[in-house]
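The values are calculated or read from the model by the stated rules, or taken from the named source; none is laboratory data. Please read all numbers here as calculations on a predicted model, not as lab measurements. Counting neighbours? That spans all protein chains shown, and the Cβs are built from the backbone with ideal geometry, glycine included. Note: accessible area is taken over every heavy atom of the protein model, side chains too, but ligands, DNA and RNA are not part of it. Shrake-Rupley method; radii C 1.70, N 1.55, O 1.52, S 1.80 Å.
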Amino acid sequence: AFKFLDRTLNASLSRALAILDFFMPWKDEIALHFEMVPHEIPDALIEAMAKYPAGAIQIEFGVQTLTPHVANLIHRQLDAERLLYNLAKLRANTGVHIHADLIAGLPGESFEQFAAGFEKLKNSGVQEIQLGILKRLKASPLDLMAETWNLKFSSLPPYEILQTPDMSFEDLTKFKRFAKFYDTLVNNANFPDTVKRLCEPDFFHRFMDLTTWIYHQTIATQGISQTRWVKLL
C-alpha cells in the first residue's frame with residue numbers, strides 16, 4: 001500500500017496522471033491512498049482512476065461542513081452543489097473508495113444543519129463518512145476566535161469542543177456516540193445492509209434514535225461483541 005501525504009493530488013492534473021500511469025502495471029496488486037480537494041475533479045483524472053479495479057484506490061476528502069455560512073465563517077471554500085456532484089460522479093464512474101469527513105461543533109452550525117449536511121453527503125454515495133468532533137489547536141485562527149464565538153473546549157487533551165451557542169453539551173455527547181457506532185456498524189462494514197434497512201429514509205435521525213437505544217441497552221460504546229450486536233440489531 002502507498003499513502004501519499006500531499007493533500008491536493010488534483011492540484012496538478014499532469015502530475016496526478018503521471019502517478020496513476022506509473023502504478024498501472026501493478027494495479028491488481030497494490031493499494032493507493034490519496035487526498036484531494038473535491039471541487040475540481042477533471043474528467044481525465046476520473047478516466048484514469050476508472051482503469052483501476054474496485055478498491056485499489058482510496059481517496060480522502062476533507063469536507064468538514066456542507067453548511068455555507070459555517071464554511072464562510074472558518075474561511076473554507078465551499079460550493080456544496082459542485083462538491084456533491086463531483087463525489088457522485090466519481091462514485092458512478094470508478095471503483096474508487098471514497099472517505100469523506102464531517103466535523104461537529106464548528107462555530108455557527110446547529111445540530112439540524114449538521115444533520116442536513118450528513119444526509120447530503122451520504123446520498124452522494126460515498127462509502128465511508130468519518131465523523132469527527134472539533135478540537136482546539138493552540139494559536140490556530142479558530143483558537144484565537146474561541147472566546148468571541150463563545151466556544152467551550154475541554155481543558156484536557158485532545159481539547160474537544162464541549163458546547164457552542166448552537167450545539168449543547170447533550171447534542172455533542174449524543175453525536176460522539178453516533179460517530180462511534182457509525183464507525184462500527186457502517187464504516188467497518190459489519191452490518192451496513194441491516195443498518196440501511198433500519199434507518200432509511202431520514203438516515204441521520206433514525207440512526208441517532210438507534211444509537212440512543214443501543215446505548216441504553218449496553219451503557220457502552222465499545223467492547224460490544226458481534227453476537228451482542230446481532231441480537232441488538
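Quick notes on this structure:
- Residue in region 22-29 that is within 13 Å of LYS89 (Cβ to Cβ), part of a helix (DSSP H, G or I) and open to solvent by 20 Å² or more (accessible area, probe 1.4 Å) present: no
- Of all residues in region 173-183 being more than 14 Å from GLN113 (Cβ to Cβ) and not charged (D, E, K, R), the one that is most open to solvent (accessible area, probe 1.4 Å): THR173
- Any chance GLU60 is in a helix (DSSP H, G or I) and either within 25 Å of SER110 (Cα to Cα) or within 18 Å of the chain's Cα centre (by Cα) (or both): no
- Put simply, of SER110, SER140 the only residue that is modelled with pLDDT under 95, open to solvent by 10 Å² or more (accessible area, probe 1.4 Å) and of a type in the set (Ser, Thr, Tyr) is SER140.
- Filter pass, ASP209 being assigned to a helix (DSSP H, G or I), at pLDDT below 95 and more than 29 Å from THR94 (Cβ to Cβ): no
- Some residue of region 42-60 being open to solvent by less than 50 Å² (accessible area, probe 1.4 Å), within 30 Å of LEU142 (Cα to Cα) and at pLDDT below 95: no
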